[in-house]
Amino acid sequence: MPLSRIAHTSPYPPSGAAAMAFFESEIVQDEAKRLFSDYQGLMQLGSEYGKFDREGKKLYIERMEEMMDRYRVFMKRFELSEDFQAKLTVEQLRTQLGQFGLTPEQMFAQMNQTLERMKDELQKQA
């Protein structure tokens, strides 16, 4: 499926083709599954972080940064979409984070701060 079809945000389908809902996109579904699976795996692995050697810790931090970048892009797709369900999902996330006094931007900033602290600790161990 061409990327231009996914990125298309007009309420009118291109060339008379049937409109595709945001969550029906195979690209969106595949990335959501991969993100969830990768996140779960990293969280399980992270419970053993203290036992990792220096290179293992470095690799773990790199994988977390990569996942956070992918998640940021994924969430931006939701924000830019004209699909009602995508907009609703963004609002639900904002509401849930708001209960903790956070915005999505603050959530990403806190995650980045945590990763930076982990890197700093790793540098001190060198």
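None of the figures in this text is laboratory data; all of them are computed from the coordinates on show. All values derive from a computational prediction rather than experimental measurement. Here Cβ is always computed from backbone atoms with ideal geometry, including for glycine, and neighbour counts include all displayed protein chains.
Among the residues of segment 74-126, what is the count of those that are aliphatic (A, V, I, L, M), surrounded by 11 or more Cβ atoms within 10 Å (Cβ to Cβ) and within 27 Å of residue 58 (Cβ to Cβ)? Give the derivation first.
Initial filter on segment 74-126 (aliphatic (A, V, I, L, M)): 75, 80, 86, 88, 90, 93, 97, 102, 107, 109, 111, 115, 118, 122, 126.
Filter again for surrounded by 11 or more Cβ atoms within 10 Å (Cβ to Cβ), leaving 75, 80, 86, 88, 90, 93, 97, 102, 107, 109, 111, 115, 118, 122.
Applying the additional criterion that residues be within 27 Å of residue 58 (Cβ to Cβ) yields 75, 107, 109, 111, 115, 118, 122.
Matching residues across segment 74-126 total 7.
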#### Entry: Close pairs from segment 77-106: first touching a residue at least 12 places away in the same chain (Cβ under 8 Å), partner loosely packed, with under 12 Cβ neighbours inside 10 Å and in a loop (DSSP other than H, G, I, E, B), Cβ under 8 Å, at least 6 apart
80/9; 81/9; 82/9; 82/10; 82/11
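Of all residues in segment 115-126, which are more than 16 Å from the chain's Cα centre (by Cα) and part of a helix (DSSP H, G or I)?
Initially, segment 115-126 is screened for residues more than 16 Å from the chain's Cα centre (by Cα), giving 116-126.
Matches in segment 115-126: 116, 117, 118, 119, 120, 121, 122, 123, 124.
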